Structure formats: structure tokens, C-alpha cells
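Report on the following structure.
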Amino acid sequence: MNRVEIMDYLSTNTKSECFGCEACAQICPKSAISILEDQEGFRYPRINTELCINCGLCHKICPANNIPEVSKEKKYAYGGHHKSKNVRRRSTSGGAFTAVAQAWCDENYVVYGAASKGLEVFHYGIDDIKKLAVICKSKYSQSRIGNTFSKIKDDLKSGKKVLFSGTPCQVAGLKAFLQNTDTTNLLLVEVICEGVPTPHYIRKLDDHIFSKYGSRIKKLDYRSKGYKKSIQSFKWDFQKMALELENGIILEKDRWFNPYWSIWLDHLMSRPSCYSCPFATTERQADISLGDLWGVHIYCPELYGGNGGASLIICNTEKGKKVWQAAQKNFCGHELDFDTALKYQGPMRKTIDKNPRREQCMHDLADENMSYKSICDKWAKKPSLKLLFQKYIWGNRQKVFCWNVLHNIKK
């Protein structure tokens, strides 16, 4: 490229207007748009003005300019977990995504979701549900969509059934891209998202690991349930981050001692658009919304499942309800009151608050001379004794245990 400029709708440098869905790059008839990282590590469209023919398609399908229609149908909420312990182990929550895929994928289908290789996350399609584990589990990094939307369009035109799983903004990007395309055979499943963090942190962690252990990260599990095969080793509550290094070493750390969770959940390193996300509302783009069943120990402890993971399923459309009804044969759970479930799902009620120190934190993360340890010492919070007591001494497991004892006595 001889001359590259940022796209017109970002010419004011208002990066909060771009979700990074990459729909614009796929719709361009001249391949004039590239998706490149900025200084903060987030990917944005750039246009080669020598190739651009000013057709306007990129603006037309941009979900920031034209947010697709949302579902205003009555919501159906459901909580529980998959009947298979193996499915629950390979899932971040309770295995709801697997149950949905099992119900939707009968024949001539493709399932698209986020897969990972090392530190990189990208969208990937499978046509054999036996390979579903590749795209299971949450990856707390914005995936590279690539040409996924174009592939889905071709799949639908050829008569295939398609399941697409992604963040709410990726679902909106796909819907905008598929304008005037028959989507009868398309099922949209979104994760309940609390913002996507910069990849700079994980890259610094990888450098730190290499300097300490002489090996790079081969596999990163943001929320592992432990490597033991026994169901008793499940630790959904602890949200353990597990690192498998190239030399075979495995490192695990509970959420409360993990600087990553402290910095991200303090809203110091999310994408600019996440702080003004138009999709953080009860009116959703997808047929089905999936997340953790937070608050399970408070209002539905019978669904806790021995700390093996519990899912919240929100059906936003009639299509989603029908699919979930079929999926329930593989699930243990029951219907929930939507308003009660909503109390424990902040991302479905409002956008995340921008930390006033975000820019300073992002500057440090982008600084090649600032080490991982320096980042953690400066920006991560240490857990308080009160917090540790609440999580380890009188946590969800103990509360649910006491509930079960009282419940059995009453019976």
C-alpha cells in the first residue's frame, strides 16, 4: 500500500465508534480494507485510498452506523448444567453451548466459534460436532473474524444450517453483513460480554513466563476447572487461569490472586467501544444469549451442580426458544424468572464504567520497557482478608452445602 488512511467514520479518531467486527473488510469488493492493530493492541479498519472506489458498502453494513433490528419478544430464561460431566469439564460454565449445538446440528451444518492457538484467538468453522471442543470455552480476547462472514453467507446460500457464536457486536456485524440474505437456517448465539481486553497484557505475561521458565505459553485456559479427571476437582467459582507451557509445565492461579482479573475487571484495559456499547441492554441481537449463572447460590442453589459450572440461557426469539426446548433433553435445570436473573447480569443492563485511569494503564501496557511485574505491581489490587474469607471460608460451596442440609431436614 502506498497510502493508507483510517476509514472515514473513524476520521475523528473516535475509536469508540468501531467494534472491530471486521464486516467492512469482508464486504469491500476491491479488498481495499485491512484490519490492523493500533498502539493499544486493538484492531481497526484501514483503507487503501488507491484501491477504494467509494462504493459506500463499508458504511452501509457497519453496525455502528446501522444497528440491526433487535428482538423485542418476551424473554425466556433458563438455568442449569449439561448432564454430561465431560461436557461440563470442557466448558467454561455449565455446557449450554454444547447443548444448543447438539439440538441445532442434525445434518449439513457448520458451527462457527472462537478457537485459540497459543495466545491468538480466531473464528473457526467445524462441520463435525465431535470437534466442538475446539470452539468451546470462553476466550477473553477479541477474535480475528477473517472471512468468516463471507463463508457463512456462502454456506446459507448452499442450503447449510449455520450456528454462529460470538460477542454481541460480532453478532450485530454478521447480521448487518447478511442484509438481503435468507437467514432461516442461521442460529445466532452470543456470549454475555463484559468487554474485550487488550492482548498486550497476555503478551507481557508470555514474555515474563519465558524469562522465568525458558518456555512460551502453548495453551491458555482463562477459566480452567482443574486438570484432575474427578468431578470433585471442578472449581467453577474460582475461575482458575491455567497455562500449559511448551516444555510441559502447567501453572494455575485462582482469580482472587490473578492480576489479570483485577486489572480487566477494574475496567482499565478494555476496547474503547466497550465503554459505550449499544448492545449492553435487555434487547438483544442474537437468538440465544449464554453466560454464567451468577447468583445461583442465592436464588436457585439447587442448580449449583457441585461447583462444576452452571449456565444462564436467555432465549430472545421464537427460533431460540424452539432450539432450547430441544436442547433441554441434555440439560439439568429449569425455567427462571427473567427479572431475577437480570439482577446478577450487569452486562445485560448497562455498559461497563470507564476507569478514569484507563489511558495511563494502556500507555504502560504498550510500553515495551515496562515489565509484566511492574504492570502488576502498579495496577493490580491485592485481595483483602475479608474477600479471601468470603471466597475460601464462607464461599458459595459452603453456602450451598448448608442450604442442602436445611432443605433435606425440611423434607
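The values are calculated or read from the model by the stated rules, or taken from the named source; none is laboratory data. As the structure is a computational prediction, the values presented were derived from the model and not from experiment. With ideal geometry, Cβ positions are generated from the backbone for all residues, glycine too; neighbour counts draw on all protein chains shown. What goes into the accessible areas is simple: the full protein's heavy atoms, side chains included, and nothing from ligands, DNA or RNA. Shrake-Rupley method; radii C 1.70, N 1.55, O 1.52, S 1.80 Å.
Brief remarks on what is shown
- Tally of residues being in a loop (DSSP other than H, G, I, E, B), touching a residue at least 24 places away in the same chain (Cβ under 8 Å) and open to solvent by 80 Å² or more (accessible area, probe 1.4 Å) across region 380-411: 1
- Test: W403 is closer than 25 Å to W236 by Cβ, at pLDDT below 95 and of a type outside the set (K, R): yes
- The listed residue being at pLDDT below 95 and either farther than 30 Å from P63 by Cα or assigned to a helix (DSSP H, G or I) (or both), out of E302, E252, E283, E244: E252
- Answer residue from region 52-65, given it is part of a loop (DSSP other than H, G, I, E, B) and of a type outside the set (A, V, I, L, M, F, W, C) and is least open to solvent (accessible area, probe 1.4 Å) among those: P63
- Taking (1) out of contact with any Ser or Thr (no Cβ under 8 Å at 6 or more places or on another chain); (2) of a type in the set (A, V, I, L, M); (3) open to solvent by less than 30 Å² (accessible area, probe 1.4 Å) in turn, I313 satisfies each apart from (1).
- Of all the residues in region 368-379, those that are outside any helix (DSSP H, G or I), open to solvent by 50 Å² or more (accessible area, probe 1.4 Å) and not small (G, A, S) number 2.
- Condition met for R144 (basic (K, R), under 27 Å from R90 (Cβ atoms) and within 16 Å of the chain's Cα centre (by Cα)): yes
- Qualifying residue in region 269-279 (condition: farther than 30 Å from K322 by Cα, in a loop (DSSP other than H, G, I, E, B) and in contact (Cβ under 8 Å) with a residue 40 or more places away in the chain): yes
- Residue count for region 183-194, restricted to those that are more than 18 Å from K153 (Cα to Cα) and open to solvent by 10 Å² or more (accessible area, probe 1.4 Å): 4
- For Y299, the conditions (1) surrounded by fewer than 16 Cβ atoms within 10 Å (Cβ to Cβ); (2) in contact (Cβ under 8 Å) with a residue 24 or more places away in the chain; (3) of a type outside the set (A, V, I, L, M); (4) within 26 Å of M269 (Cα to Cα) are fulfilled apart from (4).
- Looking across region 65-111, the residues that are within 21 Å of W236 (Cβ to Cβ) and of a type in the set (A, V, I, L, M, F, W, C) come down to A77, V87, A96, F97, A99, V100, A101.
- Scan region 254-293 for residues that are within 20 Å of K386 (Cβ to Cβ) and of a type outside the set (G, A, S) and the total you get is 9.
- For region 192-216, the candidate set comprises residues that are assigned to a loop (DSSP other than H, G, I, E, B) and among the charged types (D, E, K, R); within that set, the residue that is farthest from G118 (Cα to Cα) is E194.
- From A101, A114, residue being at pLDDT 95 or above and over 28 Å from S270 (Cα atoms): A101
- At least 3 residues being farther than 28 Å from K218 by Cα and open to solvent by less than 50 Å² (accessible area, probe 1.4 Å) is the threshold, and among the helices (runs of 4 or more DSSP H) wholly inside region 66-157 those reaching it are 96-104, 148-157.
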